[in-house]
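See below for the structure under consideration.
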2 protein chains.
Amino acid sequence: MKYSSSKENYLKAIFHLQEEDGVVTTNALANELQTRPASVTDMLKKLKTQKLLLYEKYQGFKLSNEGKKVALQIVRKHRLWEFFLVEKLHFGWEEVHDMAEELEHISSKKLIDRLDEFLGFPKNDPHGDPIPDSSGKLAMKQHISLLDIPLNTLAEVSNISDQSIEMLELLKHKSIAIGTKLEVKRKFAFDNSLELKIKNQSAITISESVAKNVFVII
Amino acid sequence: MKYSSSKENYLKAIFHLQEEDGVVTTNALANELQTRPASVTDMLKKLKTQKLLLYEKYQGFKLSNEGKKVALQIVRKHRLWEFFLVEKLHFGWEEVHDMAEELEHISSKKLIDRLDEFLGFPKNDPHGDPIPDSSGKLAMKQHISLLDIPLNTLAEVSNISDQSIEMLELLKHKSIAIGTKLEVKRKFAFDNSLELKIKNQSAITISESVAKNVFVII
DNA sequence: ATATTTTTTTAGATTTGTCTAAATTTATTT
DNA sequence: AAATAAATTTAGACAAATCTAAAAAAATAT
Ligand SMILES: [Mn+2]
Ligand SMILES: [Mn+2]
Ligand SMILES: [Mn+2]
Ligand SMILES: [Mn+2]
């Protein structure tokens, strides 16, 4: 199946947003795509009709398995072309995004698989993001436990492994959520508790048993 | 100025048709683009409004200087991408046209100039057609049809004027490609077919209609 | 529990590119 | 010079993707 560039951009944007937040909202997507909420609603209906999206009105939405599959192929193309532009055409990593935004819509799968081979099957794009393989498999991002990161290093919360009510309640109270950026300021040897700092907030303390369930990317 | 893929396809097709016939007709263009004459007329009006086309209704039309400039940049992109696909990604010369048809609409001029450099500033695409330089200048070609060369004279294939899949497939089977060196050994008056000899290969026969589309330099 | 604000959806319009069917103009035959 | 045929254009429609303004639903505050 071939989809328009516009549809592909929607699918990719939803893919990225749901990576972070699970379910996506109309306003968030409109903001991501620099368009109007009304336009987003229009497109959501079309994507649902094509079974690329799970969507009930007013309830938020996320990609179907098929939608995710399409999105991953676009992510693959985007990142391989970025790699090509930096590695072979010597562009700076900050220049390549807009060009890749166009190149990702070139349809031939054979072309992109040959390009992958030509580039030596790179694992990551110039921004460090992992490149899905030909079948669409995406290597998991490197999630590290809060216990294992160095002091005074900015980290972003990416995953919570214990998702019990009690854990989430505690994290909510401490203002820790997926996407929160923080640094570990101190580790106390007595009980392995940690003192954390979130920008513009006062320091907070969490126990070892909490910290070992909070994963971050550095 | 940026133009839609559709407009760019029209400009390029008009460019190619007027190379051959000077002035272009509605039906010829509709045929070239596999669309309807009414659709062509619609687009002609838009191209005229944008001063890309010289057009008076019922009188035929041709590109303005600005239109020619745009068309040459698309031809440049098309041929450079074809060269890339054959030379770097090892596609056959008969496979690359459709991919180049998409790639030629990637807009960045900087990208295409870097690609040109990466490829070593090639003079001709895989089908022997000349590649316009960065400023849009196109080298003229001085090719002679196989029909018109003397017997037993070494000639090098430089261009194929009919680039249909069917023609390229036939030539591939006969081991004839751009750069192939051959001699015409016999001409048969009955059907104007030719017997050719490529060094180290047994003699091959081609029809008049094939021969008239194969151009060589002596 | 109401009132207010925010989010989301609908209604209706617009632009681009395409189409079919019909009308018009130009070219070719008788 | 008509008549006929061919080429071209116009009229009116449609699908895709977008927009603005208004309505409806959900979330938040009082
Ligand atoms: Mn894109
Ligand atoms: Mn990237
Ligand atoms: Mn094209
Ligand atoms: Mn070519």
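The values are calculated or read from the model by the stated rules, or taken from the named source; none is laboratory data. Just so it is clear, the structure is predicted and the values come from calculations on it, not from any experiment. Neighbour counts run over all protein chains shown; Cβ positions are idealised from the backbone, glycine included.
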In the range A:166-186, is there at least one residue being touching a Leu at 6+ places or on another chain (Cβ under 9 Å), within 14 Å of chain B (Cβ to nearest Cβ) and loosely packed, with under 13 Cβ neighbours inside 10 Å? no
Of (1) over 22 Å from the mean Cα position of the chain (by Cα); (2) without any contact (Cβ under 8 Å) to a residue 40 or more places away in the chain; (3) facing chain B (nearest Cβ under 7 Å), A:Leu119 satisfies all except one. Which? (3)
Checking A:Asp21 against (1) modelled with pLDDT of 95 or more; (2) at negative phi: exactly one of these is not met. Which one? (1)
Name, by its number, the condition in (1) surrounded by 14 or more Cβ atoms within 10 Å (Cβ to Cβ); (2) within 14 Å of chain A (Cβ to nearest Cβ) that does not hold for B:Ile74. (2)
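Within 30 Å of B:Asp113 (Cα to Cα) and either more than 14 Å from chain B (Cβ to nearest Cβ) or not hydrophobic (A, V, I, L, M, F, W, C) (or both), is that true of A:His143? Break it down into steps so the answer makes sense when it comes.
Values: within 30 Å of B:Asp113 (Cα to Cα): no; either more than 14 Å from chain B (Cβ to nearest Cβ) or not hydrophobic (A, V, I, L, M, F, W, C) (or both): yes.
The answer is no for A:His143.
Here's the yes/no breakdown for (1) more than 19 Å from the chain's Cα centre (by Cα); (2) modelled with pLDDT under 85:
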position	(1), (2)
A:Pro130	no, no
A:Gly136	no, no
A:Gln163	yes, yes
A:Lys187	yes, no
A:Glu208	yes, no
In the range B:160-218, anything in a loop (DSSP other than H, G, I, E, B), among the charged types (D, E, K, R) and touching a strand residue (DSSP E or B) at 6+ places or on another chain (Cβ under 7 Å) is listed as B:Lys174, B:Lys199, B:Lys212
In the range B:48-70, how many residues are closer than 20 Å to B:Ser5 by Cβ, of a type in the set (A, V, I, L, M, F, W, C) and in contact with a Lys or Arg (Cβ under 7 Å, 6 or more places away or on another chain)? 0
Residues of the range B:83-112 being outside any helix (DSSP H, G or I), of a type in the set (Val, Ile, Thr) and more than 9 Å from every other protein chain (Cβ to nearest Cβ), which ones? B:Val96
Looking only at residues that are within 16 Å of DNA strand C (Cβ to nearest atom) and under 22 Å from B:Asn159 (Cα atoms) in the range B:99-117, which one is surrounded by the fewest Cβ atoms within 10 Å (Cβ to Cβ)? B:Glu101
Out of the range A:7-53, which residues are of a type in the set (Gly, Ala, Ser) and either under 16 Å from A:Gln73 (Cβ atoms) or within 18 Å of the chain's Cα centre (by Cα) (or both)? A:Ala13, A:Gly22, A:Ala28, A:Ala30
Across (1) farther than 25 Å from B:Lys141 by Cα; (2) near DNA strand C (Cβ under 9 Å from one of its atoms), B:Tyr10 clears everything bar (1)
Condition check: away from ligand 4 (no atom under 13 Å from the Cβ) and either outside the structural domain of B:Glu169 (by TED's automatic domain parsing) or surrounded by fewer than 18 Cβ atoms within 10 Å (Cβ to Cβ) (or both). Does B:Gly136 satisfy that? yes
Going through (1) more than 16 Å from B:Gly22 (Cα to Cα); (2) in contact (Cβ under 8 Å) with a residue 60 or more places away in the chain one by one, B:Ala71 fails only at (1)
